[in-house]
1. I'd like the Karplus ³J(HN,Hα) series for segment 107-119: coefficients 6.51, -1.76, 1.60, θ = phi - 60°, whole numbers in Hz, and an x wherever there's a Gly or Pro.
2. What are the ³J(HN,Hα) couplings of segment 128-141, residue after residue, when phi is run through the Karplus curve with 6.51, -1.76, 1.60 and θ = phi - 60°? Round to Hz, x for glycine and proline.
3. Tell me, how many Å apart are the Cα centres for segment 1-71 and for segment 107-155?
4. In straight Cα distance, which lysines are under 27 Å from Lys67, not counting same-chain residues fewer than 8 positions off?
5. For a quick protection proxy, order the peptides 63-72, 6-15 by their average other-Cβ count within 10 Å, most packed first.
Amino acid sequence: MENNINNPEIINDIIKINNDRIEGYKKAIDLATSHGLDKLIPTFQKFIGQSEEFIAELTPYVELEGKEATDSTMLSGKLFRAWMGIKVNITGDDERSLLETCEQGEDAFKSTYQTALAEGSQELSQNVHSLINTQLSKQLEAHNIIKMMRDSKTI
């Protein structure tokens, strides 16, 4: 018999990492703007939109369980964004440093999704499990774009 009940805490953790991603890319846009790296902004905006879409897709599944979707972020995400600003300023304000930091954020995103899929598989319906897998695939494409952009910059 298929599980039709979803653990809202697991889904909210995924929403939190998306909120972190949105805030991280907003910080990246601020840094790109202040360092004359405006050509990065459309890519960062695209990934903000992607996370907003992911949240919109996940929210109904939290609400179906009688809970509210979170609008908070993870503490680690807040610390990461503070570190992002420090690292970019220390390493010379260059494009490669900013992209390296964005890639690390994408790695944290991927890890949260993979953990939810591995540890929460018995607590998620097939529909939600499939949705999370689809979102993870889209995020991996975003990660690869950031990585390619980073790798195209010389040290």
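Nothing in this text is a laboratory measurement; each read-out follows from the coordinates by a stated rule. Model, not experiment: these values are computed from the prediction. We place every Cβ from the backbone using ideal geometry, glycine too, and count neighbours over all the protein chains shown.
1. Ordered by residue, 3J(HN,Hα) equals 5, 5, 4, 4, 4, 4, 5, 5, 5, 4, 5, 6, 8 Hz.
2. Taking θ as phi minus 60°, the curve returns 5, 4, 5, 4, 5, 4, 5, 5, 4, 4, 5, 5, 4, 5 Hz for segment 128-141.
3. Rounded to whole Å, the Cα centres lie 12 Å apart.
4. The reachable lysines, counting only those whose Cα sits under 27 Å from Lys67, are Lys16, Lys78, Lys110, Lys138.
5. Numbers: 63-72: 13.2, 6-15: 21.1.
Highest mean packing first, the order is 6-15, 63-72.
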